[in-house]
Structure formats: C-alpha cells, structure tokens
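Working notes for the structure below.
Each value in this text was obtained by applying a stated rule to the coordinates, not by laboratory testing. Owing to the predicted nature of the structure, the values given are computational and were not obtained by experimental measurement. Glycine also receives a Cβ, built like all others from the backbone with ideal geometry; neighbour counts cover every protein chain displayed.
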Amino acid sequence: MSSTSSSNEEYLMQVLEIINNEALESENETESSNTRRYIDREIEAAHVRHITDYFVEGCKYSDKNFKRRIRMRRRVFLRIMEEILNYRKDPLPEYFRYFHLRVDARGKLSMCTYLKIIAALRLLAYGDTPDLFDEYLQMSERTCRESLMNFCKCIIDLYKDGYMREPTTDDIKRLYEAHEDTHGLPKMMGSIDCMHWAWGKCHVA
C-alpha cells in the first residue's frame with residue numbers, strides 16, 4: 001500500500017473516532033440529566049416497508065428515486081451489501097459481523113442489513129444528525145451512528161486497494177476523458193464538485 005493510501009486511511013479513522021467520541025460525550029451528558037426510556041421500535045415493520053418501497057419487483061420507488069435519495073445506483077448498493085455479507089476472514093472483524101442479522105439480548109431480531117447500510121449512506125450523503133431517521137427507519141441514534149462507523153470500516157477493508165491509492169497514468173487519462181465528455185472541460189482534475197462523480201464513473205461498472 002502506498003504512503004498516500006495509508007495516510008488517507010489513518011485520516012478517515014481519526015475523523016470517525018472524533019465523531020464517535022463527541023457523540024458519546026453528548027449522549028452521556030443527556031443520560032446524566034434524564035432517565036433513559038426504552039422505545040419499542042417496530043423494526044420488522046420498518047424492514048418490510050423499506051423492502052417494499054425500494055427492493056421488490058414492482059416496488060413503489062424507481063431506480064431514479066433511489067439514486068436521488070441514496071446518491072447511489074440501486075445495483076451498486078446491492079453489490080456493496082453483498083460484498084459486506086460475503087466477506088470472509090478468520091476471525092471475521094466485528095464491524096463486518098455487525099451487518100449480519102442477529103438476535104439481541106431480548107430474543108428479538110436486530111436491525112436488518114438493508115436499513116443499517118441505508119442509514120449510513122444517508123448520513124454520508126446529507127450530513128444529517130443520527131436521530132433523523134428514527135420515524136421512518138425505526139432506528140435509534142446509537143444504532144444509526146454505529147452503522148455509519150462500521151460501514152466506513154467495512155468499505156476501507158473492501159476497497160482500499162482499488163480506491164485509496166494514488167491514481168495511475170491510466171486513471172488520470174480516464175478522469176480527463178470523463179470530464180471532457182460530460183462537462184466539455186479538457187484536462188480537468190481539480191474540481192471537488194466533480195471528482196467524486198468522475199472517479200465513480202471510471203471504477204463502477
């Protein structure tokens with residue numbers, strides 16, 4: 001792995017650690033002044049509703065709706081989810097195990113993989129607070145934050161060799177061509193607004 005790849009990974013993990021520490025401090029302050037109340041969320045209903053809305057044949061929302069809301073094509077989402085669930089390593093890291101369906105201490109099924117990844121992607125796409133999706137996803141602030149943290153770690157393990165590296169000459173050529181074809185701007189590499197789109201276009205089949 002190149003030095004740039006290592007520094008990118010270290011920087012991302014430092015940012016995630018800061019976010020998590022700040023959230024835990026805020027949560028501890030809240031719990032110290034208020035008695036924690038258990039909320040019986042309708043997890044199964046949220047799972048069925050979301051699958052029906054986005055992932056079954058003849059679902060309510062189209063691919064265009066999905067991409068606009070999640071900022072990712074549905075087939076790419078499903079591919080990432082499959083690679084997380086099929087990741088094999090002994091022992092399996094806890095952040096991959098987190099996305100497998102499990103039974104909690106009360107004997108109830110945990111939040112499903114779909115909803116955990118959807119929550120993480122929406123946080124990344126919109127920068128919203130972790131408790132924003134409670135009503136629709138029936139997901140607590142803690143679970144939403146944990147989904148984001150574990151998802152980012154999974155993505156690093158899965159794709160760091162292909163994406164978190166210095167671009168090769170061929171990569172730069174493809175980026176130039178993608179920008180020129182779409183925006184009519186030759187030899188463009190420095191636009192933050194367009195870099196994520198072009199890099200994704202060059203890599204995602």
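Let's test the formula: R0 of 35 Å, r as the Cβ-Cβ distance of Cys59 and Glu166. What FRET efficiency results, to the nearest 0.05? Mind showing how you got there, number by number?
Values: r = 40 Å, r/R0 = 1.15.
For R0 = 35 Å, the calculated efficiency reads 0.30.
Computed 3J(HN,Hα) for the range 64-73, one whole-Hz value per residue from the Karplus formula 6.51 cos²θ - 1.76 cosθ + 1.60 where θ = phi - 60°, is 5, 4, 4, 5, 5, 8, 9, 6, 6, 5, glycine and proline marked x. Checking the Cα-Cα distances for Lys67/Lys108; Lys67/Lys173; Lys89/Lys187; Lys108/Lys160; Lys60/Lys160; Lys89/Lys116 against a 30 Å cut-off, the pairs over it are Lys67/Lys108; Lys89/Lys187; Lys108/Lys160; Lys60/Lys160.
Specify, per residue and in Å³, the volume enclosed by the convex hull of the alpha carbon atoms belonging to the range 40-122.
Value for the range 40-122: 107 Å³ per residue.
Using the Cβ-Cβ distance between Asp90 and Arg69 with R0 = 25 Å, the FRET efficiency computed as 1/(1 + (r/R0)^6) comes to roughly 0.10. Rounded to 0.05, the FRET efficiency of the Val48 and Val103 pair, given R0 = 22 Å and the Cβ-Cβ distance, is 0.75. In terms of the mean number of neighbouring beta-carbon atoms within 10 Å, the peptides 117-125, 159-167 order highest first as 117-125, 159-167.
Please identify every one of the trypsin sites (Lys or Arg not before Pro) in the range 54-121 that sits in a loop by DSSP and has no more than 16 other beta carbons within 10 Å of its own beta carbon. Mind dumping the intermediate values first?
On the way: sites: Lys60, Lys64, Lys67, Arg68, Arg69, Arg71, Arg73, Arg74, Arg75, Arg79, Arg88, Lys89, Arg97, Arg102, Arg106, Lys108, Lys116; in loops: Lys60, Arg71, Arg73, Arg88, Lys89, Arg102, Arg106, Lys108.
Listed in order of number, the matching sites are Lys60, Arg71, Arg73, Arg88, Lys89, Arg102, Arg106, Lys108.
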